[in-house]
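Report on the structure given below.
We did not get these values from a lab; they are worked out from the coordinates using the rules stated. Source: prediction; values computed, not measured. Backbone-built Cβ (ideal geometry, glycine too); neighbour counts: all protein chains shown.
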Amino acid sequence: EKIYDRFKEENEEWLAENYGLKFSENAKKHMDIEGESKLKKIFEWILNGWLGNLIEKLLKKTFKKKTLHKMKHLGPEANVIVNDDMLKFHNHDKRKEYYDKWSKHF
């Protein structure tokens, strides 16, 4: 909570001046100030071992296979990367287009 208050204090002025934004008064309600629930601790304990590793392997195999199959139908403008190190799903990646527009002005 102290770290959030410091972050808010150090950033609220420039955020308001440059972007007309302010921190929401309700932002703290999402912080876990009371600590972790017992249910969360139980699930983390169960999924932290061999069962969690097994579920992760099954999900990885399933979604990787589905994604690689769908990639074949996206077309050349798609920018999707699926490998063991990266999952990037920008079916129509417009970053280069936006960069080109931006660089014309500067």
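Taking 0.36 nm per residue of separation and subtracting the Cα-Cα distance, full extension of the segment from D93 to L74 would add 5.7 nm. From helices alone, the chain scores -18500 deg cm²/dmol at 222 nm; the rule is -39500 (n - 2.57) for each run of n ≥ 4 DSSP H residues, then divide by the residue total. Per-residue Karplus couplings for segment 56-62, computed as 6.51 cos²θ - 1.76 cosθ + 1.60 with θ equal to phi - 60°, are listed in order as 4, 5, 5, 5, 4, 4, 5 Hz, Gly and Pro entered as x.
If R₀ is 25 angstrom, what is the calculated FRET efficiency for the pair I3 and W45, using the beta carbon separation as r and rounding to 0.05? Result of the calculation: an efficiency of 0.40.
Hey, quick one: spin label on E36, modelled 7 Å out along Cα-Cβ, who in segment 52-73 has an amide N within reach, i.e. under 17 Å? The answer is 52-53, whose backbone nitrogens lie closer than 17 Å to the label point. Given S103, S37, T67, which one lies farthest toward the positive end of the charge dipole of the chain, if we put +1 on the Cβ of every Lys and Arg and -1 on the Cβ of every Asp and Glu? In the chain, that residue is T67.
In order along segment 93-101, the Karplus-derived 3J(HN,Hα) couplings, from 6.51 cos²θ - 1.76 cosθ + 1.60 at θ = phi - 60°, round to 6, 10, 4, 5, 4, 5, 5, 4, 5 Hz, and Gly and Pro are given as x. When the chain is described by a simple charge dipole with +1 on each Lys and Arg Cβ and -1 on each Asp and Glu Cβ, the residue from L54, M86, L15 located farthest towards its positive end is L54. 3J(HN,Hα) along segment 44-53: 5, 5, 5, 7, 7, x, 5, 5, x, 5 Hz, from the Karplus curve 6.51 cos²θ - 1.76 cosθ + 1.60 with θ = phi - 60°, whole Hz, x for Gly and Pro. Using only side-chain charges placed at the Cβ, +1 for Lys and Arg and -1 for Asp and Glu, the dipole size of the chain relative to its Cα centre rounds to 960 debye.
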